[in-house]
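Here the structure comes first, spelled out in structure tokens, and everything after it is commentary.
A short reminder: the numbers here are calculations on the coordinates, not readings from a lab. Quick caveat, the model's predicted, so the values are computed rather than measured. Here the Cβ positions follow ideal geometry from the backbone for every residue, glycine too, while neighbour counts run over all protein chains shown.
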Amino acid sequence: MSLSSLLVQLVNGLASASSLFLVAAGLSLIFGVSRIVNFAHGSLYMVGAYLAYSAIARLGATIPGYWLAVLVAALAVGAIGAAIEVLLLRRIYRAPELLQLIATFGVVLIVKDAALALWGPEDLLGERAPGLAGAIELGGRALPQYDALLIVVGPVVLLALWLLLKRTRWGMLVRAASENREMAQALGIDQAWLISSVFFVGAALAGLAGALQLPRESANLGMDLSVIAEAFVVTVVGGLGSIPGAFVAALVIGLVKAVCIGLGQVEIVGITVAFPKLTLVAEFIVMAIVLTVRPYGLLGSAPAAPPTTPVAEHRTLVRSPGWRSLVVALIAIGAAAALLPLLGDEYDLVLAIDVLVFALFAASLQLTMGTGGLASFGHAAYFGLGAYAAALAAKHGMAMEAALGIGWIAALAGALVFGWFCVRLSGVYLAMLTLAFAQIVWSIAYQWDSVTGGSNGLVGIWPPAWLSAKQAYFYFTLGVTAAALIALAWIAHTPFGYALRAGRDSPLRAEASGIAVRATQWTAFAIAGAFAGLAGALYAFSKGSISPETLAIPRSIDALVMVLLGGLGALAGPLFGAAAFIGLQDWLARATEYWRAGLGAAILLIVIAFPSGIGGGVRWLLARVRR
């Protein structure tokens, strides 16, 4: 590629970085004060694009009408963000941060269906900005004038935020709350008003980014999840709560992706490297490298207090009956489930197999999250590794029983490698590094056509003749899942499990007691990955095919939701969570077009009414009955 073409790509990268910075700046500002990792921030970006489309249609595509519409969209989204904080998030500030995260995911589902109802499923292509429809000649190449405007917007917003935070009383209060919320409250600062105002500003920035993106990208229902992953990456790479860090990170990521596009295919030591393919995961590769070298981001600093849930809250969540009681409960549930083929039809069996598979998947995540305090946003990597490894083994003529073992081993190997890096971090940084590795694995599965089948995946992966009937495969899955759940419950109550809890509750005290905290967490990470791989292998044979969606971000979010719905500390929680999540999803999808909103509302209800999850609620009811 010529130098002029590369220059144009770099300038385009700056325009994309500027737009991404607006979203990440709002996310970073909100996290700095509220300490909430807001999944719904991407939804606000999407709503900003839709509102701008409607406002431009109403006010006209003239210069004053267009820019007034952009301003109206940004302010309206700011008001929506503040309303979400007042009506929902304010009720759960004392809840563990992972429950807050899942509550914002419930908001994502509701907002997506609200947008579907208001604007329909079609992509909406916005008007070009009046007066900026032309191009600027740059090295013999054309650069859109609108991109040049976006390049300027980023630094202007950065300067405005700097002045707002450094030169105003509101900014002083925000900085005080970011440093120490308890001390700020003791000094008489109105925390409720301050957090609401921060949500307004942060949401308005997201709405502004969505409105400004409209001439470059059509408004569509997939904008929310696509941008929130990149915004999280920028926020974490820059350093949580650091707006200048978010600006630097956005520039780095935007330029790296632009260079990948500009380089094209390059031969290195006799190997042809297709750099454009790296754009799918360029930001995650950057994040993995940065967090490995600088655990708190480019301009971030170590938190004053551990970012995990406080000890008292963990003890409340994890208090549960012994594993022997769970074995009895699992046997009873298994006996009841064994009657399902006699009572239900084949569709019920398919649904029941999904519940069993995802219960095992969620239970593997619970070992690291509930027992170990290690949050993961990328647990689907091991589920997918197990599924693909088992599928490839079956495609090469290996028996299903052996293929399941291959899937287990592949996931174990992946978890050992990734876990070695991940357990060196904590809190959101650890969770985001797990997401980075998961996205790298997803990219390989998506693009390695000759091995994984690429976007089409692998098909024709069926169990042997003796398990070809759904009833037989259901009983097989029931047996394997029950044995795996019992094994996980036993592990959680061995000396190893108690050492894992000690490292979760007080790492320094655990180290002083002679516990190798990092080695213990690494071992737990590997065990959890192996069991997730087993669940993935079972899933591949139950569906007869496997595709890259198995490794995608939504699958990891599903596992998080199942664990937290079931109860982070309830040993039988993954089974309750998987049954509730899959059952609700299936019932709502058949009942209404807007099933996501119903599922989101159910998630919010459980988070608010039963913060200890369904399993915790069941345990509370049993305790009341015994009295």
Net length gained if the chain between Lys395 and Glu217 were fully extended (0.36 nm per residue, minus Cα distance):
60.0 nm
Let me have the 222 nm mean residue ellipticity of the chain computed from DSSP H runs of 4+ only, each contributing -39500 (n - 2.57), with the sum over all residues rounded to the nearest 500.
-24000 deg cm²/dmol
Cα centroids of the stretch 444-463 and the stretch 144-194: how far apart, whole angstrom?
47 Å
Relative contact order, percent, of the chain when contacts are C-alpha pairs under 8 Å separated by at least 6 residues?
19 percent
Kindly put Leu173, Leu255, Leu44, Leu20 in sequence by how many other C-beta atoms sit within 10 Å of each C-beta, fewest to most.
Leu255, Leu173, Leu20, Leu44
For the stretch 119-197, build the convex hull from the C-alpha positions and give me its volume per residue in Å³.
195 Å³
Which residues in the stretch 115-133 have a backbone N closer than 14 Å to a point placed 7 Å from the Cα of Ala57 along the Cα-to-Cβ line?
115-127
log₁₀ I(q)/I(0) of the stretch 321-553 at q = 0.08, 0.14, 0.16 Å⁻¹, via Debye over equal Cα point scatterers, no solvent, to two decimals?
-0.30, -0.88, -1.10
Taking N as the residue count of the stretch 12-233, its alpha carbon Rg divided by 2.2 N^0.38 Å gives 1.04
Residues Ile461, Ile30 arranged by fewest to most Cβ contacts within 10 Å:
Ile461, Ile30
Here the tail fraction of P(r) beyond 50 Å, over all Cα-Cα pairs of the chain, rounds in percent to 11 percent
Label point distance in nm, Ile136-Asp190, each placed 7 Å from Cα along Cα→Cβ:
4.4 nm
Based on a Kirkwood Rh over C-alpha pairs, give the Stokes-Einstein translational diffusion coefficient of the stretch 35-83 at 37 °C and viscosity 0.692 mPa s in µm²/s.
293 µm²/s
Can you compute the charge dipole magnitude of the stretch 12-233 about its Cα centre, using +1 on each Lys and Arg Cβ and -1 on each Asp and Glu Cβ, nothing else charged? Give it in debye, rounded to the nearest 20.
580 debye
Listing Leu118, Leu101 from the residue with the fewest other Cβ atoms within 10 Å to the one with the most, what is the order?
Leu118, Leu101
Students often forget the sequence filter, so: which lysines lie under 27 Å Cα-Cα from Lys543 once same-chain residues fewer than 8 apart are removed?
Lys395, Lys470
